[in-house]
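> Quick one: the structure is below, and I'll ask about it shortly.
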Amino acid sequence: MADFAPLKQETHMFEPPASFVKNANISGMDNYRAMCAASERDYEGFWAQHARDHLFWHKPFTKVLNQNDAPFYRWFEDGQLNVSYNCLDRNLQNGNAAKTAIVFEADGGQTTRVSYKELHERVCQFANGLKSLGIRKGDRVVIYMPMSVEGIAAMQACARIGATHSVVFGGFSAKSLQERIIDAGAIAVITADEQVRGGKHLPLKSIVDEALALGGCEHIKHVVVYRRTGANIQLAEGRDKWLHDVLASQSTACEPEWVDAEHPLFILYTSGSTGKPKGVQHSSGGYLLWAALTMKWTFDIKPDDVFWCTADIGWITGHTYIAYGPLAVGATQIVFEGVPTYPNAGRFWDMIQKHKATIFYTAPTAIRSLIKAADADPDVHPKKYDLSSLRLLGSVGEPINPEAWMWYYKNVGNENCPVTDTFWQTESGGHMISPLPGATPMVPGSCTLPLPGIMTAVVDETGQDLPNGQGGILVVKRPWPSMIRTIWGDPERFRKSYFPDELGGKTYLAGDGAVRNEKTGYFTITGRIDDVLNVSGHRMGTMEIESALVANPIVAEAAVVGKPDETTGESICAFVVLKRARPTGDEAKQIAKELRDWVGKEIGPIAKPKEIRFGDNLPKTRSGKIMRRLLRVLAKGDDITQDVSTLENPAILAQLKQAQ
Ligand code: WTA
């Protein structure tokens, strides 16, 4: 079994501020416990009530949960709704028409405000534009866009007409984009000429061109291009069109397409333990329900809040807590095009001050890099800014170490704001384990307790519950509405990856290790138990990076492991055997650079190994299996204390120990 050593556990508890508790949507632990008890007493009734209270159903559901084809669960299956109608039209009816939906701040600092009425018009127009191209319910549309109102409108427009979107993060390479286009069988790509980040213009449309030229994408009939910078790009006759041309003559009204609750709202590719990314498929009804509920519960959202989630729409966090959740509850949110360090590392604090953000949700990597920056330059320290508008902080994507938690709590939250360490995954659709800010006493480094209705547990490899204090495998014992429905095109992989027979076939395997505190029952996530790395909150499969490396003609073998990193949580370390003699000195440096760039082209810059070590061979067992466990120790720079008697070639360890 994997190493379940927990992070250094803090024991000090931080109570939520009394004023917060008083006004919270879920106030106090008694309320939290009562909600948990209600969900245990009548699981289906609990979810049905929330689904009726929080969503508009065009056709009300009569069935709540269908478990006949477990683990292919179906929620609210005979109900019909439209996600975009729930996010937009409902706000026009309930007095939010003139309310600001989005405060968009561009990389250069220009701010645009979009009201719910305007957003509704833009989405309707976009939806009509897509329809005019012949895009229909069930078609797949790939979105490869910068952070923009148009990117959100593109997602909402797909939802409005029942097309299933697949957003590909703008940092992925042409090859990664091509693979996702092919796997999804998409008929259109929506992109921009360029994206602007940190003062730099980066291409998007030319990468789409490259992806399509790689072949196999003949099903793409349309490429729609949003003009962001006015860069000179090529438009392929018949296939490519400017977004503004597509929208020019379209009406700003568009009847939504009513879809079944189980209709696939989107596919989002994420890394697993093989070389091929998994297309995580989400539903419409169950997904939106949890997006809305967690906005109310975890983020305690209120009508006057200014919510800011700094994620990119290319990741699940940007789906649930930018494109859908905030709109589903009629919130005002900030959307930011740029990066936290431009024009300087005070950008986040400056924007919180300027837009009077009340809820701020970001990743531990960002916090850690801003701690470093603030230490180096007092002018970008959060204390230099007026952050008094903040009332709640959140963290997502990776474990937050207690030191970073404390800094965030003290310097950004002024010891006045609860910090919600939200544990969840692309597959879970929304938060799973998190403090409720007006109820749960917080412990730095712990995501505390599951949300009401979420049945998480720590078990051993056979699915037996483990006592508190003992590290094991994190599972979810009952299906929940926003869970992954299948892996696009590969139901068998879905079953095997998430509902393995060893656990009985009906228990969801999260892929993380966890331990519960002996006294409080609080969960601490101990990290992935599969071959998935988490670098700066970006999920990457070691196998994907290995496949990319061995695709290079000079590489014979490669093994990739994670190495703890102070800022990015983990960093990528690759052990490589070349088809020629092992390089040393400057030659090794040169080849390492070439290979890094190669991985950047194959997958995207986020997957570039930080470190590459060359060897004559890799440590293998007599049956030829690479012992990655030993490589992890070497990458860390530690001495090997484990038993290496099963190793075919123990001498290789000394060679690989040296960083090059
Ligand atoms: C990790 C991101 C510890 C975990 C929303 C999980 C976390 C993976 C936390 C999912 C947290 C996410 N504490 N670890 N609060 N949040 N993780 O799919 O390993 O990009 O399985 O979803 O990130 O990453 P994904």
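> Select from segment 604-660 those trypsin sites (Lys or Arg not before Pro) which occupy a DSSP coil region and have at most 15 other Cβ atoms within 10 Å, ordered by residue number.
Working: sites: Lys610, Arg613, Lys620, Arg622, Lys625, Arg628, Arg629, Arg632, Lys636, Lys657; in loops: Lys610, Arg622, Lys625.
Hits after loop and neighbour filter: Lys610, Arg622, Lys625.
> How about Lys296: which lysines have a C-alpha closer than 16 Å to its C-alpha, ignoring those fewer than 8 places off in the same chain?
The reachable lysines, counting only those whose Cα sits under 16 Å from Lys296, are Lys22.
> Please list 3J(HN,Hα) in residue order for segment 166-172, calculated via the Karplus relation 6.51 cos²θ - 1.76 cosθ + 1.60 where θ = phi - 60°; whole Hz, with x for glycine and proline.
After applying 6.51 cos²θ - 1.76 cosθ + 1.60, I find 9, 7, 10, 3, x, x, 7 Hz.
> Can you give the accessible area of Glu502 in Å² (nearest 10), computed on protein heavy atoms with a 1.4 Å probe?
130
> Across every pair of different alpha-carbon atoms, what Kirkwood hydrodynamic radius in Å does the chain reach?
When all Cα pairs of the chain are included, the Kirkwood radius is 25.6 Å.
> So how far, in whole Å, is the C-alpha centre of segment 52-81 from the one of segment 291-315?
24
> Beta carbons within 10 angstrom, averaged per residue: use that to sort the peptides 359-372, 217-230, highest first.
Details: 359-372: 22.6, 217-230: 17.7.
Ranking, from highest mean packing down: 359-372, 217-230.
> Let me ask something additional. To the nearest Å, what is the center-to-center distance of segment 322-354 and segment 473-506, using C-alpha atoms only?
That distance is 34 Å.
> Projecting each Cα onto the charge dipole of the chain (Lys/Arg +1, Asp/Glu -1 at the beta carbon, about the Cα centre), which of Ile652, Gln178, Pro418 comes out farthest on the positive side?
Of the listed residues, the answer is Gln178.
> Could you give the size of the charge dipole of segment 220-264 about its Cα centre, using +1 on the Cβ of each K and R and -1 on the Cβ of each D and E, expressed in debye and rounded to the nearest 20?
That gives a dipole near 400 debye.
> Say R0 is 45 Å: what FRET efficiency, to the nearest 0.05, do Ser206 and Lys302 get from their beta-carbon distance?
Working from the Cβ atoms, E equals 0.55.
> Taking 0.36 nm per intervening residue step and subtracting the Cα-Cα distance, what contour gain separates Leu92 from Glu237 on full extension?
Gain on stretching Leu92 to Glu237: 48.3 nm.
> Identify all aspartates and glutamates with a Cα-Cα distance to Lys131 below 13 Å; exclude those on the same chain that are fewer than 8 residues away in sequence.
Within the straight-line cut-off, Lys131 pairs with Asp139, Glu255, Glu257.
> Kindly flag which residue pairs out of Lys410/Lys610; Lys205/Lys278; Lys59/Lys496; Lys63/Lys221 have an alpha-carbon separation exceeding 28 Å in this structure.
Over 28 Å apart, Cα to Cα: Lys410/Lys610; Lys59/Lys496; Lys63/Lys221.
> With both partners inside the chain, how many of the DSSP beta bridges are antiparallel, as a percent to the nearest 5?
Approximately 60 percent, going by the DSSP bridge assignments.
> Another question, then. Treating only the Cβ of Lys, Arg, Asp and Glu as charged (+1, +1, -1, -1), what charge dipole size does segment 536-656 show about its Cα centre? Round to the nearest 20 debye.
In total the dipole reaches around 200 debye.
> Need the list of aspartates and glutamates near Lys99 for cross-linking: C-alpha distance under 16 angstrom, and skip anything on the same chain fewer than eight residues off.
Partners found: Asp89, Glu118, Glu121, Asp304, Asp305.
> Positive end of the dipole of the chain, charges at C-beta (+1 Lys, Arg; -1 Asp, Glu), about the Cα centre: which of Ala457, Cys36, Phe575 has its Cα farthest in that direction?
Phe575
> Another one. Mind jotting down the distance between the C-alpha centroids of segment 610-660 and segment 395-459, whole Å?
36
> Against the empirical 2.2 N^0.38 Å scaling, what ratio does the C-alpha Rg of segment 300-397 come to?
Dividing the Cα radius of gyration by 2.2 N^0.38 Å gives 1.05.
> Moving on. What number, rounded to the nearest 500 deg cm²/dmol, is the helix-based mean residue ellipticity at 222 nm of the chain, given -39500 (n - 2.57) per DSSP H run of at least four residues and division by all its residues?
My calculation for the chain gives -8000 deg cm²/dmol from helical runs alone.
> Rank by packing, highest mean first: peptides 90-102, 74-86, with packing defined as the count of other Cβ atoms within 10 Å averaged across residues.
Packing proxy ranking, top to bottom: 74-86, 90-102.
> Still on this model: Quick one: dipole size for the chain, taken about the Cα centre, charges +1 on Lys/Arg Cβ and -1 on Asp/Glu Cβ, in debye to the nearest 20. All intermediate terms of the calculation are to be shown ahead of the outcome.
Working: 71 positive and 75 negative charges, 81 e Å.
About 400 debye.
> Hey, could you grab the Kirkwood Rh for segment 536-656? Inverse mean 1/r over distinct alpha carbon pairs, Å, one decimal. All intermediate terms of the calculation are to be shown ahead of the outcome.
Numbers: mean 1/r = 0.0681 Å⁻¹.
So the Kirkwood estimate lands at 14.7 Å.
The values are calculated or read from the model by the stated rules, or taken from the named source; none is laboratory data. In this text, all values refer to a predicted model and were calculated from it rather than measured experimentally. In this analysis, Cβ positions are derived from the backbone assuming ideal geometry, glycine residues included, and neighbour counts consider all displayed protein chains. The accessibility values were calculated without ligands, DNA or RNA, using every heavy atom of the protein model including side chains. Shrake-Rupley method; radii C 1.70, N 1.55, O 1.52, S 1.80 Å.
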